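Asker: Let me give you the structure first, and then I'll get to my questions.
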Amino acid sequence: MDLFSNTDTQNLLPYDGALTYYGQIMSLSQANNFLSHLLAEVPWKNDEVVIYGKHIVTKRQIAWYADELATYTYSNTEKMALPWSPTLLSLKSMVEDITAKSFNSCLLNLYHNGEEGMSWHSDDEKKLGKNTAIASLSFGAERKFVFKHKKTKEKVELLLPNGSLLLMHGETQSHWLHSLPVSKKVKLPRVNLTFRTIISATT
Ligand SMILES: O=C(O)CCC(=O)C(=O)O
Ligand SMILES: [Fe+2]
C-alpha cells in the first residue's frame, strides 16, 4: 500500500548528491507506538569507537540488525548483527515501499536527550558500496540534521520530526558529510534507524 508515498519530492541538495525528504510517513500515534516498542525491545548497547587511535565509549547507544548473522566493521570495531525482529521487519517493509529501494541491514541509534549527537561523517565504508542509498527513519524528539559539502563547505539543514523518513542517495556519501548536532534544549529521547545495503559480509 502506498498511501504515504510522495512522488513529488524534490532533491534538498543543490549539487553532488540526492536527498529526498518524505516528511512524516505515519500518524503520530503510530510513531509513538513504534518508539515505545523500539525503546523496550531493542538490546541497546553503548557504541565503542576509535577516534585518532583513542578508544571511546559513547553515551549514544546503538544496535545493528541484518539479514544474516554477520559482522560489519563500523568505526574500526566489529559488531555482531541481530536477526530482524517483527517491529524492525514491519518498519523495513514500510521504508522499502515508500523509497522503492531494498535494504539488508539497519543501524539503530538511541540519543537519550539533546546532549547526545553524532559528529561529522559520511557513511562511505567499503562494505556499503559506492554511492549506496541509506534511508533514515526518525522517532521521538525532533532534532536538527545537517549536511556539509566536503569541498565547498556549503551547509544544508533540516529538521527530522517523529515518524519522518529521509533518503540519502546518489553521490551524497562521496561529497557530503552529515551530523546530528547536540542541542541542550532537547530533553527527550530520539531513536533513528538507518536502513542500509551491505554488499559483502566478509573481507
Ligand atoms: O541519527 C541520525 O539521524 C543519523 C545517524 C547517522 O548518521 C548514522 O548512523 O550514520
Ligand atoms: Fe550517518
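The values are calculated or read from the model by the stated rules, or taken from the named source; none is laboratory data. Keep in mind that what you see is a predicted model, and the values were worked out from it rather than measured. As a convention, Cβ positions derive from the backbone with ideal geometry for all residues, glycine included, and neighbour counts pool all protein chains shown.
Asker: Does region 141-150 hold any residues that are more than 19 Å from Y15 (Cβ to Cβ) and either assigned to a loop (DSSP other than H, G, I, E, B) or more than 16 Å from ligand 2 (Cβ to nearest atom) (or both), and which are they?
Answerer: A141, E142
Asker: Another question, if that's okay. Could you tell me whether any residue of region 180-199 is small (G, A, S) and closer than 25 Å to Y65 by Cβ?
Answerer: No; the residues of region 180-199 include none that is small (G, A, S) and closer than 25 Å to Y65 by Cβ.
Asker: Can you tell me how many residues in region 155-184 are without any contact (Cβ under 8 Å) to a residue 40 or more places away in the chain and either more than 10 Å from ligand 1 (Cβ to nearest atom) or touching a Cys at 6+ places or on another chain (Cβ under 6 Å) (or both)?
Answerer: Residues meeting the conditions: 3.
Asker: Please state which of the following conditions D47 fails to meet, knowing it meets all the rest: (1) modelled with pLDDT of 95 or more; (2) closer than 16 Å to T194 by Cα.
Answerer: (1)
Asker: I198 versus (1) surrounded by fewer than 22 Cβ atoms within 10 Å (Cβ to Cβ); (2) part of a strand (DSSP E or B); (3) out of contact with any Asp or Glu (no Cβ under 6 Å at 6 or more places or on another chain): which is the lone unmet condition?
Answerer: For I198, the exception is condition (2).
Asker: Can you go through P189, P161, P181 and tell me which one is more than 13 Å from the chain's Cα centre (by Cα), modelled with pLDDT of 95 or more, surrounded by fewer than 22 Cβ atoms within 10 Å (Cβ to Cβ) and within 15 Å of ligand 2 (Cβ to nearest atom)?
Answerer: Selected residue: P181, the only one of P189, P161, P181 that is more than 13 Å from the chain's Cα centre (by Cα), modelled with pLDDT of 95 or more, surrounded by fewer than 22 Cβ atoms within 10 Å (Cβ to Cβ) and within 15 Å of ligand 2 (Cβ to nearest atom).
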